[in-house]
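Notes follow the structure.
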Amino acid sequence: MYLTRDAMSDAMGVDQLRLESELRVLTEIAKTLTSPLELPELLDAVLHKIAEVLEPAEAGTIMLWDPSGGLFRTVASFGFEREALQRIGIQAGESISGKVYDSGKILLLENTQAVAQAMGDLRQANRLFLHQAMRKDSPPQSCLAVPLQVEGHKFGVLVLFTLHKPTAFAYHDLPFVQSLADLIALAIDRASLQARADAVRQAHLEEHMRSEVMAALSHQLRMPLSAIKGYASAMLLPELNWSDAKRSEFLGLIDEECDSMETLIADMLDSALIDVGQLKVERQPIRLPRLATEIANEMQHRTELHDLLVDFPTDFPLVEADPHWVKQVFRNVLDNAIKYSPEGGLIVIRGEARLTDILISVADQGLGISPEDLIPLFEKYFRAKYHNGYHISGTGLGLPIARAIVEAHGGRIWADSKLGEGTTVYFTLPLQLSLSQEAA
Ligand code: ADP
């Protein structure tokens, strides 16, 4: 039966002791709800507190309405086999949660028959998952379901069950459970407001960074282009008779400027591909020591200030990965190691085989990164500010691209650094243990 709040107050035939303990629990729960935990953990913690104090509550779930999927989904639970419970998706109006959400009123089902009747329209798949979650076939003994809402904003339903015990939920439980539900709804409201505010802030930030990067990119593309145009026009001037040495110097400079434009454009294209979810990984067995040496040689040609050293153990295993993308990770990380050590130094590319993955590190002796800049380092468009007069051009896309590639392979990427001493970027790639060492 559905009950109004007035009907609930009439039902408050509870003694002083009970009231005091409920008040204590409500205060404890209110405290939990303001702790800095993420919402699902917070709701789990609250449900476990409910289980401790509310005798008939042997199992419970908080189901929230997911508008994108058009279903209620479990976000927190206790007393159930969680995996099965999480597979349940309740439609609008379906079963206990659907009806309580629609009516906006608390529902007390005092016996097995009442519960079975309210769940009569539960769809077959959901029924199956619920049986698995309860580890029994017969319906629960009693149930208390409360809508989670704040000022007309509906979020979902708190559903509590008695599965086996002879004790069942009764009228005197209602005010307490309603107060709990109000607290939970407030916490959900606060979290969703926070999430919306964060999303708006993030969107603004990204938009701002995007326009800054676009401006920087146009500038960076124009610089090599003007240089190329300058050298080419000069060589074409009929009145100037350039020597072969001068021509070849100009051609060398044009070649260099083309390389830098190519890197920039490749970064922009890769980033656009990743944005539209087009990063396709085609795995094949690759020899990382060979691949790392190839890229290191390519990079060494671009610098006389640095010494690049590749250090892999001789029995380094084959790794299943996409060579095109892994090369891109090495290029981006090595490009930074060179760029951000403007005074030169040693750059060591090291490989280590571990039990389930391989670990690559690229260590430089450059400017380093402050601890607070290490946190957003792999975020798109992030660029650290250097206060020692260095102006190093870049887009803030190299590391996010590297991260997207490594993660698409099932690996991780991170950095360690000391300002003024140097940076080490690490990344892992999972090992396919079944892979034969003899492969290609
Ligand atoms: P970009 O180099 O184009 O700015 P990245 O995404 O490759 O973009 O790098 C982001 C930022 O991280 C850089 O702007 C730089 O401040 C910092 N960074 C990356 N690698 C290094 C490094 N090896 N040493 C010092 N700073 C680095």
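Quick note: the coordinates plus some simple rules give every number you see, no bench work behind them. None of the values given here were measured: they were computed from a predicted structure. No Cβ is skipped: glycine too gets one built from the backbone with ideal geometry, and neighbour counts run over all protein chains shown.
Data for the structure
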item	result
Cα point-scatterer Debye curve for the stretch 5-197, base-10 log of I(q)/I(0) at q = 0.08, 0.14, 0.17, 0.19 Å⁻¹	-0.23, -0.75, -1.15, -1.47
Residue-span extension gain [ARG290 to MET214] - 0.36 nm each, minus C-alpha spacing	23.8 nm
Hz values of 3J(HN,Hα) by residue in the stretch 67-78 - Karplus curve (6.51, -1.76, 1.60), Gly and Pro given as x	x, 5, x, x, 9, 8, 10, 6, 10, 8, 7, 8
Spatial separation of Cα centroids for the stretch 349-408 and the stretch 43-79, in angstrom	41
Computed [θ] at 222 nm, deg cm²/dmol, the chain (DSSP H ≥ 4; -39,500 (n - 2.57); rounded to nearest 500)	-16000 deg cm²/dmol
Sorted by Cβ neighbour density within 10 Å, fewest at the top, the residues LEU221, LEU318	LEU221, LEU318
Gap separating the Cα centres of the stretch 113-189 and the stretch 268-342, nearest whole Å	54
Convex hull (Cα only) mean projected area of the stretch 276-361, reported in nm² to one decimal	6.5
Alpha-carbon Rg with Dmax, taken over the stretch 175-317, Å	26.9, 97
Derived scalar couplings ³J(HN,Hα) [the stretch 191-205; Karplus, 6.51 cos²θ - 1.76 cosθ + 1.60; whole Hz; x for Gly, Pro]	5, 6, 4, 4, 5, 5, 5, 4, 5, 5, 4, 4, 5, 4, 4
Pairs of Cα atoms farther than 27 Å apart, the chain, %	66
Residue order, fewest to most beta carbons within 10 Å, for HIS301, HIS306	HIS301, HIS306
Using alpha-carbon coordinates, inclination of helix 244-275 to the longest axis of the chain, degrees	10
The stretch 139-241: GluC sites (Glu not before Pro) falling in loop per DSSP and having at most 13 other Cβ within 10 Å	GLU151, GLU239
Alpha carbon convex hull of the stretch 284-439, projected area averaged over orientations, nm²	8.9
Per residue convex hull volume, Cα atoms of the stretch 209-275, in Å³	73
3J(HN,Hα) from dihedral phi, the stretch 301-309, Karplus parametrisation 6.51/-1.76/1.60, rounded to Hz, x for glycine, proline	5, 8, 9, 9, 7, 10, 10, 9, 10
For TRP242, residues with placed amide H under 5 Å, excluding near neighbours	none
